[in-house]
Amino acid sequence: MPPIKGRYTPDDFRKAQRLHARQGAASADTRIFLVVLVVFFYISLIVLVLLGRLDGLYLLAPLALLLVFLLFQYMYRPYMWGRTFRKNKALSAPFELELSGEGLAVSNPAGRALTPWNNFVKWAEDREMILLYRSYLAFQMLPKRLFATEGDLQFLREQLTRNSVPQAGKANKKISLNRLLVYIFLFIAILAMIYVNIRSIPR
């Protein structure tokens, strides 16, 4: 396939970092379970406040934590990613990518390097970005906007599959037994706490 010429933008870098961050996150099933657990815990706090077992100020603590998380996730992290991109001039330099049966060749003002497909340890993909990992932390960004056709993207996927490069997120999607047992224990502990507090209320 013909070489791909282009340069990265700050938006490409942010999208790549978001995709990379998701590789270490819990599976979708786990995230759903945690959301349900947090909602259940917050409802339990409301019940205890209404029963007079807790002060109403306790309801503000989870909301404060949620606010901190949202500020970190949607303001601080994007700001830091943009700052990193601006400071690293190599990220905005023009480059040329060559995808062949041998591997991925990257050419930029610093030189040219060919990485055989089987040297990549894994790869990740979402709607707008593909990441090829040279290690579990270092990756090559491939914005899909640079590919002329879907056939070029399919060529890339076929080379990775042919060389047995695993796709991140395809394995270990199910909740591990140990993690599931921890969640069940937490769920039971919260139920027990609510039961004990309700039983201790004078009738």
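Values quoted throughout were computed directly from the atomic coordinates according to the rules given, and no laboratory measurement underlies them. No experiment lies behind these values; they were computed from the predicted model shown. Ideal geometry is used to build each Cβ from the backbone, glycine not excepted, and the neighbour counts take in all protein chains shown.
Brief remarks follow.
- Qualifying aspartates and glutamates (Cα of each under 18 Å from Cα of residue 122; at least 8 residues distant if same chain): 102, 158
- Partner aspartates and glutamates whose Cα lies under 13 Å from the Cα of residue 15, excluding those fewer than 8 positions away in the same chain, are identified as 125, 126, 128.
- Prolate is the label for region 1-120, because a/c, from the alpha-carbon gyration tensor with a ≥ b ≥ c as root eigenvalues, is 1.5 or above and a/b exceeds b/c.
- Neighbour-count ranking [beta-carbon atoms within 10 angstrom, fewest first] of 36, 121: 36, 121
- Each residue of region 46-56 is assigned a 3J(HN,Hα), and the resulting list reads 4, 4, 5, 5, 5, 7, x, 7, 10, 6, x Hz, derived from the Karplus form 6.51 cos²θ - 1.76 cosθ + 1.60 (θ = phi - 60°), x at Gly and Pro.
- The packing ranking of peptides 66-76, 124-134, highest mean first, is 124-134, 66-76, where packing means the average number of other beta carbon atoms within 10 angstrom of each residue.
- Near the amide H of residue 115, within less than 5 Å, lie the amide hydrogens of 104, 105, 106, all on another chain or at least 5 residues away, with H placed in the peptide plane.
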